[in-house]
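**Q** Pasting a structure here, questions to come.
The values are calculated or read from the model by the stated rules, or taken from the named source; none is laboratory data. Since we're looking at a predicted model, the values are computed, not measured. Neighbour counts are summed over all protein chains in view; Cβ atoms, including those assigned to glycine, are modelled from backbone coordinates with ideal geometry. Remember, those area values only see protein heavy atoms, side chains included, never the ligands or the DNA or RNA. Shrake-Rupley method; radii C 1.70, N 1.55, O 1.52, S 1.80 Å.
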Amino acid sequence: MTIDLHMHTNASDGLLTARELLVLVREARLLAFSITDHDTLEGYRAALKLLEPDDPELISGVELSVQAGEDDMHMLAYLFDPDNADFNAALTEFLEARNRRGRRIVEKLRDMGLSVPFSAVEQEAGNSAMGRPHI
């Protein structure tokens, strides 16, 4: 029996919807899995709604973008209360920070002579957590 505790959906920088990922999880016959999208629980929540009684256990998870001094780090968090109001408020702040970072990256690219309209990046990201793949 195997588990996978680090999966992403298209709610952040993954390619698959929660539904599509759940199909793969079922096919792999995992014992448990965690959707650890960047700074959002949208993929987790979508998968939670789709679970059937015989499905593998879905463990709450998220990949948080944090700063340690001058360095950006990604920290995986598990087994938290996904309905905690303070935690969800913090995730909203993290998402806003991701969008600000995306804007800074686009500005740096513009300074280097590359034309990447921020509106196109926003459109590419849609409702997902903006990341480098969207840029």
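**Q** Looking at ALA46, ALA18, ALA68, ALA97, which one is closer than 30 Å to GLN123 by Cβ, at pLDDT below 90, out of contact with any Cys (no Cβ under 7 Å at 6 or more places or on another chain) and aliphatic (A, V, I, L, M)?
**A** Being closer than 30 Å to GLN123 by Cβ, at pLDDT below 90, out of contact with any Cys (no Cβ under 7 Å at 6 or more places or on another chain) and aliphatic (A, V, I, L, M) holds for just one of ALA46, ALA18, ALA68, ALA97, which is ALA97.
**Q** Tell me the residue from LEU41, LEU31 that is modelled with pLDDT of 95 or more and within 20 Å of GLY102 (Cα to Cα), please.
**A** LEU41
**Q** Does any residue of the range 9-27 turn out to be open to solvent by 40 Å² or more (accessible area, probe 1.4 Å), part of a helix (DSSP H, G or I) and closer than 16 Å to LEU95 by Cβ?
**A** Checked against the condition, which is being open to solvent by 40 Å² or more (accessible area, probe 1.4 Å), part of a helix (DSSP H, G or I) and closer than 16 Å to LEU95 by Cβ, the range 9-27 yields no hits at all.
**Q** Being open to solvent by 90 Å² or more (accessible area, probe 1.4 Å) and among the acidic types (Asp, Glu) is true for just one of ASP55, ASP71, ASP37. Which residue is that?
**A** When all the criteria are applied, what remains is ASP71.
Residues are listed down the side, and each one gets a yes or a no for (1) free of Cβ contacts under 8 Å to residues at least 24 places away in the same chain; (2) farther than 17 Å from HIS134 by Cα:
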site	(1), (2)
LEU5	no, yes
PHE33	no, yes
ASP71	yes, yes
ARG103	yes, no
